[in-house]
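Notes to accompany the following structure.
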Amino acid sequence: MADNAYDFAVLGSSAQAVILAAFLASQQRRSVVLVAEAASGFRIRRAFDLGMAPLTRPETMSLLRRSSSETVSALDAVAKGLVGRTTAHFVADLPTSRDGLMHFRQLARLSGIQADVVGDRALPAAGVLRVRDVPVIDARTLLPALAAMMAGAGVRRLDAAETAVSLKRDGSARLTHKGLAAEARQAIVVGDDAIATYLSPEALDRSLVALPASGQFLAPAKVPLADPFVSYLDRGATLVAEGRAGIHAVVTGSTDTQDQRLGSTLRLDAPLRRAGAAQFTSYATMDGAPYVGPVKGGRALVIAGFGLYGAFMAPALARMICGVASTDESAWFAVRGSSRSATRALAAEFTRAAA
Amino acid sequence: MTQVNRLAADAAHGFGGTLLRRDRPLRFRLDGEWVEGFDGDTVLSAALANGIVSAGRHEGHPLALTAEFAPLVRQRTDDDSTALPAGRAPALDGADLVSLPPDRSTTDVPGWLSALKRRFGRQRGPMLHRFGDTASASAPWLAATPSETLTADLVVVGAGIAGLAAAGAAAALGKRVIVLERRQTPGGLLHYFGSIEGEDGPDTLLQTLIKGLEGRGSVRIETSTEAFRIGGGKVVAHRVGTTNGRAAGQVLEIEAGAVVIATGSSERLPIFPGNRLPGVVGAISTFMGALDHGVWLGRRTTVATPNSHAYRLAIYAADAGQSMQRIVDARLAPHSRFIDFCKASGITLASGLMVSEVTSTKDAGLQVAFTASSSAAQQPASSIATDTLVAAGNFQPELGLWVAAGGEVVWAATDHAIVPVGGRDGVRVVGAAAGWRSNTAVIASGRAAALELLGKTAPSVSERLVPIQFETPDAPASISANRSGGRIIAYFDRGATLFAGSGPGHAGPLSLGDIAAAVAADLIPVSEVNAIVRERTAEMPELAPSTWAPAPVANDDVVPPYLAGRFGPKPLLCKLAAPDAKPFSPGSLIFRTHEVSDASSAIGVIVAAPPPGESGGIALVADPPETPEVLIFVKETGSASPARVVERRGTTGN
């Protein structure tokens, strides 16, 4: 193949995009170009990558378990410690969300995952589920850690700031980097940053909604986070402790209430200093299930709405994209595409109340 | 205390302190210690003059008290909301001040322990603060409500020559102008940078510009006033003044038709271990400290510099009676008229060397180690014992307000700095903040920006520099190979962020200087500079405690959407009874036999718990048994409980 022609152009800077590019190249032996932001790690975090989420579909749980295991094995082979382990807490304030959490709990326990209802004195009425030993990836360290492996697998990496991308109706992409052009037969737009950069609102399937979101880095609170990873389902806020350095938070939903919702998750007796913040757009689905399907009016592939666990679904995504997915994988992806398909209703997952 | 770091009143080049009234001495208390000074001193300048050179300790090492890093101070009897920056708070006779410690981190010692240490510990003196990885105490004025509202056609932030030129141009058009200057007097850093051949000298230039404010419009200059917020057509600033003999702060809100940002540039910190020990100072702050307040630390001074401006400082200091031990230049064989003057004055010069490390000596001095600046290996070359190391650095445009106004930035490799790019409606960056260097260009840029903002034709601005064959360009910021992993910290900037290149997990904001240094140290790629500056340097309101709680959402559906299609096309809602009188929890899966536990084989799920005191539950079941005698099994927390269908409530239509 010519140096400037590729099977896939993966567009996106998230862990899901990076790992997908790596799997397409290394496992599926395809030629891949990854267009992503340079990764110094100093940007404010806009997402967290956890190998589990409050899932309520057994087929999703089953697929995630397998795909996550593949992801962990592959990343461990590259660099020990690239995938960590954490204890995740999910907090549900409202009765409907508590029920959803209990559905997830039962599903998790049947899958051999240790998920326990715990109490929180600060939130006596809330349902709090603790899930132990969950794999977790820090996206800030991912790209540098995978650089050598990806280069070895032939993945060409282009800095998104220096690359112009033109998506064609047939799903292909033309990339221009420092005056030199490259072509990819199939463009794959992965995650919030890529969707916001490369797609107009009109190009999105109607199952996808754009939500205002912010990533924030908070100074260490006097009362530190009780747990290293806490997701408040009805407040639209997820918080991750970075040791003594501070707290990373991602808040989605109305900008009018973002600060109040975030403030309500911390046991503050005084205002807390913010060390950084970034506003962005998060793309989610109203039904809570991810979207894997074409852009409207074209054939570029869009991957969105996975939430926490998207990075760990990369192996299954790679197989689906290359047409070698297993039967159950194919069935899973088949109902998570365009909203024009009536089967999408069969994929609905638990999703939080709008805020 | 005595004023051990005060130069003589008649020191050459105005280094006796042009702002001081030596005929009005004063005394005030700072953290319980008497401090002597003069009318015209700030709390900071008086403290430095009295030998208070440390702001506290960080990671076990003393941290220099400087113009860029000084705790807030307040009257002992007042509360923290009245705190003022030590560099803008006037020294007042009889004041009883305390310095504020940094915000507590979980590792800080309790206040009562600090007080005990202060009283009974070996280390005496003010400002014994212990800094964690967070910045210093929050400035209370950031959250304060403005107490005065003003209106202006043009707000100029910065009364250096660019700002004064902008104000003059607007005044000539009959406009109302408000100029905000954080220093005590206009002029900015004009006297530090001086003039080049063909330009008027600094004093003449300043007088001309100030005279130029006497136009048809009105110009109001607010000194000791720092702008800290911009947006929505307003500029918010904090002014420090004296009311009834007491220093007090006030927040001003100015409705601005247009804004000129003339905030100049600050001096970056060369990176080497010990770069913020007491006694290590910047060239600009040293020069202005001497010129404004007659302050000079120690007796013996060594200068390390990547540019020619510091030579002028050294000449002036030598003329003022200071012992200039050596000037060490990172550039190899540099040339400049100031270097020629230094040679003529007999100061020892060395080139091609940079500081590799500074350590404290037992006699409260410094041991400065040098290495060849051109060598990647950075082997030790020489060292010197000194009282004061003037560590000059590159210049970073001060762009905090520009970024806050939504402006963008890029890395300019030739300038080794982050510079503004693009435009914003109603806002212009001028002068050194915009990257201009000569007085001619700085002044012209100020005038042009004002004219442009006020709808007039603006002349083009062109730089006027001394040719490089006569003036060697600045070297890039030096970065010691010892900067990481050592015992002593090598900070990336001079201010409150205390960032030492430790990685992205640094707690607290980053400064422009931190980011510029991180780019120079290859920690941040150039393409990310704008995004990181906008995300991590902007002043942000603190996150307040909140009692927000989600409102219940009306929901008549017993069966949630995530159960759609789980149990066939037409599952039935059923009431289940538990023969063992057990209540079932929502989410518990239902199986035909008790042996099966694969979730995909479930025939149903509990969707609602029974009312309190009752057993069983409401379930969604595919093809439930026709008679209650046939048991089905509800699996929860590992155990399978038998259940009977006692009531069918109809299909869900899912």
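The values are calculated or read from the model by the stated rules, or taken from the named source; none is laboratory data. For clarity, every value in this text was computed on a predicted model and none was experimentally measured. Cβ sites come from the backbone with ideal geometry, for glycine too, and all protein chains shown count toward neighbours. Accessible surface areas use protein heavy atoms only, side chains included; no ligands, DNA or RNA. Shrake-Rupley method; radii C 1.70, N 1.55, O 1.52, S 1.80 Å.
Counting only other chains, what is the mean number of Cβ atoms within 10 angstrom of the Cβ of each residue in peptide B:521-533?
Partner Cβ neighbours, averaged per residue: 4.
Using the basic label-point model (7 angstrom from Cα toward the beta carbon), what is the residue B:21 to residue B:363 distance in nanometres?
For residue B:21 paired with residue B:363, the spin-label model returns 4.0 nm.
For peptide B:583-592, how many partner chain Cβ atoms fall within 10 Å of a residue's Cβ, on average? Please report the intermediate quantities before stating the final value.
On the way: counts 0, 0, 6, 9, 13, 4, 6, 0, 0, 0.
For peptide B:583-592, the averaged partner shielding equals 4.
How large is the Kirkwood hydrodynamic radius of the protein assembly as shown, in angstrom, based on all distinct alpha carbon pairs?
Numbers: mean 1/r = 0.0316 Å⁻¹.
In the protein assembly as shown this quantity evaluates to 31.7 Å.
Given Cα pairs under 8 Å that are at least 6 residues apart, what percent is the relative contact order of chain A? The partial results should precede the final answer.
Working: 746 pairs, mean separation 88.3, N = 355.
Relative contact order, chain A: 25 percent.
So how far apart, in nm, are the two label points at residue A:209 and residue B:651 if each is 7 Å from Cα heading toward Cβ?
My value for the distance between the label points is 2.9 nm.
Counting DSSP beta bridges in the protein assembly as shown, what percent are antiparallel, to the nearest 5?
Working: 138 of 202 bridges.
Roughly 70 percent of the DSSP beta bridges within the protein assembly as shown come out antiparallel.
Give, to the nearest whole percent, the P(r) tail of the stretch B:305-438 beyond 24 angstrom, counting all Cα pairs.
On the way: 4072 of 8911 pairs.
Roughly 46 percent, once rounded to a whole number.
Round to the nearest 0.05 the FRET efficiency obtained for residue A:255 and residue B:554 when R0 = 22 Å and r is the Cβ-Cβ distance. Could you put the intermediate results ahead of the total?
Working: r = 24 Å, r/R0 = 1.11.
The pair residue A:255/residue B:554 has a calculated efficiency of 0.35.
Mind checking which of A:218, A:167, A:150 is farthest towards the positive end of the stretch A:142-290's charge dipole, using Cβ charges of +1 (Lys, Arg) and -1 (Asp, Glu) about the Cα centre?
The residue sitting farthest along the positive end of the dipole is A:150.
Calculate, in nm to one decimal, what residue B:34 and residue B:502 gain on full extension: separation in residues at 0.36 nm each, minus their alpha carbon distance.
Here the answer is 164.6 nm.
In chain B, which whole DSSP H runs stretch at least 18 Å along their own axis (Cα) and average 0.5 or higher on the Kyte-Doolittle scale?
Details: long enough: B:439-453 (21 Å, 0.79).
The qualifying helices are B:439-453.
What does the charge dipole of the protein assembly as shown about its Cα centre add up to, to the nearest 20 debye, if the Cβ of each Lys and Arg holds +1 and the Cβ of each Asp and Glu holds -1? Show your work: numbers first, answer last.
Details: 97 positive and 94 negative charges, 134 e Å.
So the magnitude is around 640 debye.
Looking at the P(r) of the stretch B:494-538, how many percent of alpha-carbon pairs lie beyond 15 Å?
Numbers: 316 of 990 pairs.
Counting pairs separated by more than 15 Å, the tail of P(r) holds 32 percent.
Using just the helices of chain B, give the 222 nm mean residue ellipticity in deg cm²/dmol: DSSP H runs with n ≥ 4 each add -39,500 (n - 2.57), and the total is spread over all residues, rounded to 500.
Numbers: 12 runs with 111 residues, N = 654.
It lands at -5000 deg cm²/dmol.
At a Förster radius of 22 Å, what calculated FRET efficiency corresponds to the Cβ-Cβ distance of residue B:57 and residue A:244, to the nearest 0.05?
Numbers: r = 17 Å, r/R0 = 0.79.
Efficiency at R0 = 22 Å is approximately 0.80.
Give me the percent of Cα-Cα pairs in chain B that sit more than 43 Å apart, rounded to a whole number.
Values: 75487 of 213531 pairs.
Result: 35 percent of Cα pairs exceed 43 Å.
Please state the charge dipole magnitude for the stretch B:318-415, taken about the Cα centre, from unit charges on C-beta atoms (+1 on K and R, -1 on D and E), reported in debye and rounded to the nearest 20. All intermediate terms of the calculation are to be shown ahead of the outcome.
Details: 5 positive and 9 negative charges, 64 e Å.
Dipole size: approximately 300 debye.
Residue-wise, which Karplus ³J(HN,Hα) couplings in Hz belong to the stretch B:580-587, taking 6.51 cos²θ - 1.76 cosθ + 1.60, θ = phi - 60°, and x for glycine or proline?
Taking θ as phi minus 60°, the curve returns 9, 6, 9, x, 9, 8, x, x Hz for the stretch B:580-587.
Run lengths n ≥ 4 of DSSP H only: what is the helix-derived mean residue ellipticity at 222 nm for chain A, with -39500 (n - 2.57) per run over all residues, to the nearest 500? Before the final figure, lay out each step's value.
Numbers: 8 runs with 95 residues, N = 355.
That comes out to -8500 deg cm²/dmol.
How large is the dipole of chain B about the Cα centre if only Lys and Arg carry +1 and Asp and Glu carry -1, each at its Cβ, rounded to the nearest 20 debye?
Working: 58 positive and 63 negative charges, 195 e Å.
Dipole about the Cα centre, nearest 20: 940 debye.
What Kirkwood radius, in Å to one decimal, follows from the Cα pairs of the stretch B:494-608?
Numbers: mean 1/r = 0.0488 Å⁻¹.
The answer is 20.5 Å.
With r as the distance between the Cβ atoms of residue B:544 and residue B:598 and R0 = 35 Å, compute the FRET efficiency 1/(1 + (r/R0)^6) and round to 0.05. Mind showing how you got there, number by number?
Working: r = 49 Å, r/R0 = 1.39.
About 0.10, to the nearest 0.05.
Got the relative contact order for the stretch B:151-202 handy, in percent, Cα pairs under 8 Å and 6 or more residues apart?
The normalised contact order for the stretch B:151-202 reaches 37 percent.
Residue farthest toward the positive end of the dipole of the stretch B:548-630, with Cβ of Lys/Arg at +1 and Asp/Glu at -1: which of B:565, B:584, B:604?
Working it through, the farthest residue towards the positive pole turns out to be B:565.
Of B:234/B:456; B:211/B:456; A:80/B:635; A:80/A:296, which sit over 31 Å apart, Cα to Cα?
A:80/B:635; A:80/A:296
Using a 1.4 Å probe on protein heavy atoms only, how many Å² of accessible area do A and B hide from each other, summed over both chains and rounded to 100?
Numbers: alone 15630 and 29250 Å², together 40030 Å².
Result for this pair: about 4800 Å² buried.
Indicate the helices, whole DSSP H runs only, in chain A that combine a mean Kyte-Doolittle hydropathy of -1.0 or more with a Cα extent along their long axis of 20 angstrom or more. Numbers along the way, then the final one.
Working: long enough: A:58-78 (30 Å, -0.06); A:95-110 (23 Å, -0.58); A:139-152 (21 Å, 1.21).
Helix filter hits for chain A: A:58-78, A:95-110, A:139-152.
Which residues does the label zone of residue B:77 cover in the stretch B:219-262, counting backbone N under 16 Å from a point 7 Å along Cα→Cβ?
Zone members listed by number: B:243-248.
What net charge do the residues around residue B:394 carry, taking every other residue with its C-beta under 11 Å from that of residue B:394, with Lys and Arg at +1 and Asp and Glu at -1? It would help to have the intermediate numbers written out before the result.
On the way: positive: B:268; negative: B:267, B:415, B:474.
For residues surrounding residue B:394, the net value is -2.
Sequence-distant or interchain residues sharing an amide H contact under 5 Å with residue B:91, placed H: which?
Here the answer is B:40, B:41, B:42, B:43, since their amide H atoms fall under 5 Å of that of residue B:91.
Run the numbers on the stretch B:357-484 and let me know its relative contact order in percent, using alpha-carbon pairs under 8 Å that are six or more apart.
Working: 157 pairs, mean separation 22.1, N = 128.
Worked out over the stretch B:357-484, it gives 17 percent.
Using only alpha carbons, build the gyration tensor for the stretch A:220-311 and give me the equivalent ellipsoid semi-axes, biggest first, whole Å. Mind dumping the intermediate values first?
Working: eigenvalues 191, 38, 28 Å².
With the √(5λ) rule applied to the stretch A:220-311, the semi-axes are 31, 14, 12 Å.
Mind checking A:85-96 for the average number of partner chain beta-carbons within 10 Å of each residue's beta-carbon?
2
In nm, to one decimal, how far is the residue B:2 label point from the residue B:481 one, both placed 7 Å along Cα→Cβ?
My value for the distance between the label points is 4.6 nm.
Which value in Å does the Kirkwood hydrodynamic radius of the stretch A:122-201 take, with 1/r averaged over all unlike C-alpha pairs and then inverted? Please list the in-between numbers first.
Numbers: mean 1/r = 0.0615 Å⁻¹.
Taking the inverse mean of 1/r over all distinct Cα pairs, the stretch A:122-201 comes out at 16.2 Å.
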